[in-house]
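Visitor: Just passing along the structure, written as structure tokens.
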Amino acid sequence: MASPAAAAAVAAAPTQSVQCFGRKKTAVAVTYCKRGIGLIKINGCPIELIEPEILRHKAYEPILLLGRHRFAGVDMRIRVKGGGHTSQIYAIRQSIAKALVAYYQKYVDEQSKREIKDILVRYDRTLLVADPRRCEPKKFGGRGARARFQKSYR
């Protein structure tokens, strides 16, 4: 049995963690990244079981690009809500990439963080930078944002 002083020291030691978000349209994914054994869970479900299956590869992209060894020392818990299936997947991949970069910046070293960032940006900039495009609101005089009703002269 550990001494009470040792138990208090372990409890007092802050956990190494960062929180990052990813966005796509109206979908928001928040990633809580802490030191661990390489678990990645999305809404409590492992990343290997993410649906739709066709888009699963998109969520894997940061892991495949950087290699499993960089994710071996961290656990990620991701909460995602809003948007549709595709938007949620894009929000997830962005939040995973941003969380790993933030974790490396805070707890590892600047050199490896820059290395990771360069790899991600070279592949796809939206892994770290959010896409600002949003849906334009509908206006009167037509059935959409830009389309107008047909005009008749007689």
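The values are calculated or read from the model by the stated rules, or taken from the named source; none is laboratory data. Predicted model, so just to flag it, every value in this text is computed and none were measured. Here the Cβ positions follow ideal geometry from the backbone for every residue, glycine too, while neighbour counts run over all protein chains shown. Areas reflect the complete protein model, heavy atoms only, side chains present, ligands, DNA and RNA absent. Shrake-Rupley method; radii C 1.70, N 1.55, O 1.52, S 1.80 Å.
Visitor: Based on this model, can you work out whether residue 37 counts as of a type in the set (A, V, I, L, M), modelled with pLDDT of 90 or more, open to solvent by 40 Å² or more (accessible area, probe 1.4 Å) and out of contact with any Pro (no Cβ under 7 Å at 6 or more places or on another chain)?
Guide: Yes.
Visitor: I need the full set of residues from region 59-98 which are surrounded by fewer than 14 Cβ atoms within 10 Å (Cβ to Cβ) and farther than 20 Å from residue 115 by Cα, in order please.
Guide: Answer for region 59-98, where residues must be surrounded by fewer than 14 Cβ atoms within 10 Å (Cβ to Cβ) and farther than 20 Å from residue 115 by Cα: 81, 84, 85.
Visitor: Continuing with the same structure: Among the residues of region 106-121, is there at least one that is closer than 26 Å to residue 34 by Cα, touching a strand residue (DSSP E or B) at 6+ places or on another chain (Cβ under 7 Å) and either surrounded by 18 or more Cβ atoms within 10 Å (Cβ to Cβ) or at pLDDT 90 or above (or both)?
Guide: Yes - at least one qualifying residue is present in region 106-121.
Visitor: I would also like to ask the following. Among the residues of region 127-138, count how many are open to solvent by less than 80 Å² (accessible area, probe 1.4 Å) and without any contact (Cβ under 8 Å) to a residue 40 or more places away in the chain.
Guide: 3
Visitor: Among the numbered criteria (1) in a loop (DSSP other than H, G, I, E, B); (2) over 19 Å from residue 27 (Cα atoms), which single criterion is violated by residue 135?
Guide: Result: residue 135 fails condition (2) only.
Visitor: For residue 124, only one of the following conditions fails: (1) without any contact (Cβ under 8 Å) to a residue 12 or more places away in the chain; (2) open to solvent by 20 Å² or more (accessible area, probe 1.4 Å); (3) not β-branched (Val, Ile, Thr). What is its number?
Guide: All conditions pass for residue 124, except number (1).
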